[in-house]
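Comments concern the structure below.
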Amino acid sequence: MTSDRIFNFGAGPCTLPLPALQKAQRDLLCLPGSGMSVLEISHRSPAFDAIIDKAQDNLRSLLGVPAGYKILFLQGGATLQFSMVALNLLRAADKPADYVVTGVWGEKAVKEAQREGEVRVVWNGKAGSYSSVPQPAELAPDAQAAYLHYTSNETIQGVQFPQALQPRGATLVCDCSSDFLSRPLPVADHGLLYAGAQKNAGPAGVTIVIVREALLERAPQDLHTMLDYRIHAQNNSMYNTPPVFAIYLLQLVTDWLRNEIGGLQKMAELNTRKAGLLYAAIDASAGFYRGHARADSRSQMNVTFRMPSEQLERDFLAQAAARGLQSLEGHRSVGGVRASLYNAMPLAGAQALRDFMVEFCAQHAQ
Ligand SMILES: Cc1ncc(COP(=O)(O)O)c(C=O)c1O
């Protein structure tokens, strides 16, 4: 029942666009033209060819992916990309890779890369509790490095680069898991982008990698087959059985973004409005709500804040949940409140949370 649906502020897996879910529900038993469920079709069938082609076409169109880039649909989550990036681009490079660390996901990426070669952490926000991203002037990308890796949105801390980094001669690699498809993204400025689908692109189970073809040759020849981007590129992501259902839903979600939202610029405007409501409530609360991120690094996707006491936070979460505003707990490592406002969160959800924040503050601020 759609009327039973609450506002789900979870950080991923998370809310998905209702039209995409409804289409999947309608066609679950019989995919039009195939006589079978999408859960039953072969990945070697014309029906799946049409799905994967459409999913790629949607991504190319939404992001303006230029010629010379491959779009891959892989498994193992964004976490496996921490390793695959380094296996393919660092192991045989004979030069270091640079990492900008603005939160916990960046830390994890560094840990895996260190197994494959020399890593230089060129900026680290840990001393500031990962509350900000660097200003462009604080970074001096080294064109001689194997690549420069950054995390465009740190999901746990709620800090986001206001714009994608400029390459300035470096090969940029971006973990854009939690802001992928939330705003336009200059793909051509990047050597490689990756994103787990389970925020803005679809359900868990598929990871999108967009890679400049020229980089594929940097991989050592003896990589394990499933860890080698070249193999996936040569086989159109079907070297083995791909996550058929996840790719199908990704196609439906990107259909929605193209046809109902009208593209990433429109999506970005809506996302800015939603996040703006919550940040305005934080700023107007005279310190009752303490935003984690510095103002110039605030995430449009994950709004993180603390309150004067843990008891108040528990009361806030319980009362919010009772109103159908759910999954607002901050990540277990940082506590507090985290409101994830991914693409499929409607403006009405952000408004309802803002109204509750204003009311709760009025009741409890000293
Ligand atoms: C920015 C970022 N990178 C990487 C990951 C790990 O993704 P996965 O769970 O798909 O491996 C996450 C998960 O939330 C994330 O938010």
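The values are calculated or read from the model by the stated rules, or taken from the named source; none is laboratory data. Keep in mind it's a predicted model, so treat the numbers as computed, not measured. FYI the Cβ positions are ideal-geometry reconstructions off the backbone, even for glycines, and counts take in every protein chain you see. Areas reflect the complete protein model, heavy atoms only, side chains present, ligands, DNA and RNA absent. Shrake-Rupley method; radii C 1.70, N 1.55, O 1.52, S 1.80 Å.
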>> Looking at the structure I just gave you, is R218 touching a residue at least 24 places away in the same chain (Cβ under 8 Å), assigned by TED's automatic domain parsing to the domain that holds D94 and either under 30 Å from P96 (Cβ atoms) or touching a Cys at 6+ places or on another chain (Cβ under 7 Å) (or both)?
In response: yes
>> Kindly evaluate I208 against the criterion of being crowded, with 22+ Cβ neighbours inside 10 Å, within 16 Å of the ligand (Cβ to nearest atom) and among the hydrophobic types (A, V, I, L, M, F, W, C).
In response: yes
> When you scan the range 1-18, how many residues do you find that are within 16 Å of the ligand (Cβ to nearest atom) and among the hydrophobic types (A, V, I, L, M, F, W, C)?
Replying inline: 4
> Tally time: how many residues in the range 284-322 are surrounded by fewer than 14 Cβ atoms within 10 Å (Cβ to Cβ) and more than 26 Å from the chain's Cα centre (by Cα)?
Replying inline: 9
> For the range 71-99, how many residues meet the condition of being at pLDDT 95 or above, out of contact with any Lys or Arg (no Cβ under 8 Å at 6 or more places or on another chain) and open to solvent by 20 Å² or more (accessible area, probe 1.4 Å)?
Replying inline: 6
> Taking the range 127-141 on its own, how many of its residues are touching a residue at least 40 places away in the same chain (Cβ under 8 Å) and closer than 26 Å to A93 by Cα?
Replying inline: 1
>> So if I check each of F316, F245, F305, which one is farther than 23 Å from S182 by Cα and at pLDDT 95 or above?
In response: F316
> Which residue out of S42, S34 is in a loop (DSSP other than H, G, I, E, B), polar (S, T, N, Q) and at pLDDT below 95?
Replying inline: S34
>> Taking the criterion of being closer than 22 Å to A109 by Cα and either in the same structural domain as N302 (by TED's automatic domain parsing) or in contact (Cβ under 8 Å) with a residue 24 or more places away in the chain (or both), would at least one residue in the range 231-252 satisfy it?
In response: yes
> Can you name every residue in the range 301-322 that is under 13 Å from F9 (Cα atoms) and not in a helix (DSSP H, G or I)?
Replying inline: M301, N302, V303, T304
>> For the range 324-337, give me each residue that is over 18 Å from S299 (Cβ atoms) and out of contact with any strand residue (DSSP E or B) (no Cβ under 9 Å at 6 or more places or on another chain).
In response: R332
> Out of all the residues in the range 129-139, is one or more within 14 Å of the ligand (Cβ to nearest atom) and of a type in the set (D, E)?
Replying inline: no
> Is it the case that the range 167-186 has a residue that's open to solvent by 10 Å² or more (accessible area, probe 1.4 Å), polar (S, T, N, Q) and in contact (Cβ under 8 Å) with a residue 24 or more places away in the chain?
Replying inline: yes
> Restricting the search to the range 176-205, which residues are of a type in the set (D, E, K, R) and within 16 Å of the ligand (Cβ to nearest atom)?
Replying inline: D179, R183, K199
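Does at least one position in the range 254-261 carry a residue that is away from the ligand (no atom under 16 Å from the Cβ), open to solvent by less than 10 Å² (accessible area, probe 1.4 Å) and in the same structural domain as S61 (by TED's automatic domain parsing)?
The answer is yes, given that some residue of the range 254-261 is away from the ligand (no atom under 16 Å from the Cβ), open to solvent by less than 10 Å² (accessible area, probe 1.4 Å) and in the same structural domain as S61 (by TED's automatic domain parsing).
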> Mind checking which residues of the range 331-356 are surrounded by fewer than 19 Cβ atoms within 10 Å (Cβ to Cβ) and β-branched (V, I, T)?
Replying inline: V334
> Is there a residue in the range 37-53 that is of a type in the set (G, A, S), at negative phi and touching a residue at least 24 places away in the same chain (Cβ under 8 Å)?
Replying inline: no
